[in-house]
Amino acid sequence: MIKWGIIFDLSTKEREVKKLEKEMSQESFWSDQEKAQEVTKRVKELKDAISEFNELKDNLEELAILL
């Protein structure tokens, strides 16, 4: 079976989310509003991509069971 997580670079996306969330937890994070908005937007994009991938993976696994 193809390792789709590798193709979609899931682990890199997950690591980036953790890094950015750590950055967001810093007291000074919100002092630069423009950068804060960019970072929160990027986190949302990454989380959405991860969620979509996981949903597709779950659907494929269910389909494989049915076949």
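Read the figures in this text as sums done on the coordinates, not as results from a lab. Quantities reported herein were computed from a predicted structural model and do not represent experimental measurements. FYI the Cβ positions are ideal-geometry reconstructions off the backbone, even for glycines, and counts take in every protein chain you see.
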In whole µm²/s, the translational diffusion coefficient that Stokes-Einstein assigns to the chain, given a Kirkwood hydrodynamic radius over C-alpha pairs, 20 °C and 1.002 mPa s, equals 158
Calculated from DSSP helices alone, with each H run of at least 4 adding -39500 (n - 2.57) and the total divided by the residues of the chain, [θ]222 nm to the nearest 500 comes to -26500 deg cm²/dmol
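What is the calculated FRET efficiency for residue 49 to residue 23, with r their C-beta to C-beta distance and R₀ = 25 Å, to the nearest 0.05?
0.85
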